Amino acid sequence: MLDSEAKRELRSLPKDFAETIGRHLVAAGMLLDTEPEAALAHARYAKRRASRIPVVREAAGLAAYHTGNWSEALTELRAVRRMTHSDAHIAVIADSERAMGRPERALDIAKETNTAALPKEIAVELKIVEAGARRDLGQLDAAVVTLQGEDLDPDRPQPWSVRLFYAYADNLAAAGRTDEAVRWFLHAAEVDGDVETDAADRAAELAGE
C-alpha cells in the first residue's frame, strides 16, 4: 500500500524491520484525515525506529501538522527538505510558521522559493499561505492581490481551483469587497463537486439570503 518511492527508501532496512515500519506508515496515512492523533502515534513510532528514512520523517511531519503540533511539523519537514533537496512540503512549512505566529517568516519562505520549479498545486498552495500571512499582518489589499493571476480563472477549473477560489473569496470578504466575495464563493461552489467547503453557505450569508 506504499508508493514505489517509499518502498525504495525502506529497502535500506532489514526486510522484517522494513515491513514493520511500512505497516506503521500505512496506518498513519490511512488515519491521517479521520484520526490524526492516532496517525501521529504511528508516525512517531516509525520515526523513533527509523529516523534516517525521509518518508518516515515526512509521515511524522504531516501527522504533526494535522494535529496542530506546528513546531514538530517544522522540525520534521525541514529535515525532509534537507534529506531530499525537495520543496514538496514548502507550503506546509510556511503555513506552520504562520500558525506559530510568524507570518513574516512565512513571507520570507514564499519569497525565497522558486515557485516556477514547483508542481502547480504546491505553488498555488504556497500562494494561499502567502496571502494568509499578508492578512495576518493586516495587509488585506495585498492578500487579495497575492492571489490574482492566470490561475484565478473560473472558465478553466483545475484540481486546485476550489481552494484558490475559496481563499480569494475569503480575502475579498475580509477586505470588505462583499459583492466580489459572493461571486467568487459561488465560483468555488461550482467547482466543489465533493462539497469539501462551505462556499455556497458563505455566498448566501454574505448576500443576506
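Over the chain, calculate the relative contact order: mean separation of alpha carbon pairs under 8 Å at least 6 apart, over the residue count, as a percent.
On the way: 256 pairs, mean separation 20.3, N = 209.
Relative contact order for the chain comes out at 10 percent.
The phi-based Karplus calculation (6.51 cos²θ - 1.76 cosθ + 1.60; θ = phi - 60°) puts the 3J(HN,Hα) values of the stretch 112-129 at 7, 8, 7, 5, 5, 8, 8, x, 4, 5, 6, 4, 5, 5, 5, 5, 5, 5 Hz, whole numbers, x for Gly and Pro.
How would the stretch 80-154 be classified by its alpha-carbon gyration tensor: rounded, prolate or oblate, with rounded meaning a/c under 1.5 and the a/b versus b/c comparison settling the rest?
Details: a/c = 2.42, a/b = 1.19, b/c = 2.02.
In terms of gyration-tensor shape, oblate.
Anyone know which of VAL145, VAL129, VAL55 comes out most mobile in the 10 Å Cα GNM of the chain? Fluctuation is largest for VAL145. Per-residue ellipticity at 222 nm from helix content only, as computed over the chain with -39500 (n - 2.57) for each DSSP H run of at least four residues, stands at -22000 deg cm²/dmol.
So how much slack lies between MET30 and SER51, counting 0.36 nm per residue of separation and subtracting their Cα-Cα distance, in nm? Provide the component values of the computation, followed by the final result.
Values: separation 21, 0.36 × 21 = 7.56 nm, distance 2.05 nm.
Working it through step by step, the gained length comes to 5.5 nm.
If packing is taken as the average number of other Cβ atoms within 10 Å across a peptide's residues, how do 190-197, 88-95, 26-33 rank, most packed first?
Sorting 190-197, 88-95, 26-33 by mean packing, highest first, produces 88-95, 26-33, 190-197.
Only lysines eight or more places from LYS127 in sequence, or on another chain, were considered; those with a Cα closer than 16 Å are LYS111. Dipole magnitude for the stretch 138-196: about 140 debye, using +1 per Lys or Arg Cβ and -1 per Asp or Glu Cβ, origin at the Cα centre.
For the pair GLU5 and GLU104, a Förster radius of 25 Å applied to the C-beta separation gives a FRET efficiency near 0.15, rounded to the nearest 0.05.
Tally up the carbon and sulfur contribution to the accessible surface of the chain as a whole percent, 1.4 Å probe, everything protein left in place. That share works out to 48 percent. Using a probe of 1.4 angstrom and keeping all protein chains present, the accessible surface of the chain works out to 54 square angstrom per residue. Between rounded, prolate and oblate, where does the stretch 14-102 land on the alpha carbon gyration tensor, with a ≥ b ≥ c its root eigenvalues, rounded for a/c under 1.5, else prolate if a/b exceeds b/c? Verdict is oblate for the stretch 14-102. Taken one residue at a time, the phi angles of the stretch 91-106 give Karplus couplings (6.51, -1.76, 1.60, θ = phi - 60°) of 5, 5, 4, 5, 5, 5, 4, 4, 4, 8, x, 10, x, 4, 5, 4 Hz. Gly and Pro are set to x.
Using a 1.4 angstrom probe on the protein heavy atoms only, line up TYR168, TYR65 by accessible area, largest first. Please list the in-between numbers first.
Numbers: TYR168 15, TYR65 55 Å².
So the residues, ranked largest to smallest area, are TYR65, TYR168.
Using heavy atoms of the protein chains and a probe of 1.4 Å, the accessible area assigned to TRP184 is about 30 Å². When the Cα gyration tensor is reduced to axis lengths a ≥ b ≥ c, the ratio a/c is 1.5 or higher for the stretch 118-209, and with a/b not above b/c it is classed as oblate. Computed from phi, the 3J(HN,Hα) profile of the stretch 173-182 under the Karplus parametrisation 6.51, -1.76, 1.60 (θ = phi - 60°) reads 4, 5, 7, x, 9, 5, 4, 5, 4, 4 Hz, with x in place of Gly and Pro. Solvent-accessible surface (1.4 Å probe) assigned to SER12 amounts to roughly 90 Å².
For the chain, the longest principal axis of the alpha carbon atoms and the long axis of helix 15-31 meet at an angle near 20°.
The values are calculated or read from the model by the stated rules, or taken from the named source; none is laboratory data. These numbers come from a predicted model, not from an experiment. Positions of Cβ are generated from backbone atoms using ideal geometry, with glycine treated the same way; all protein chains shown enter the neighbour counts. Just so you know, the surface numbers come from the protein's heavy atoms only, side chains and all, with ligands and any DNA or RNA stripped out. Shrake-Rupley method; radii C 1.70, N 1.55, O 1.52, S 1.80 Å.
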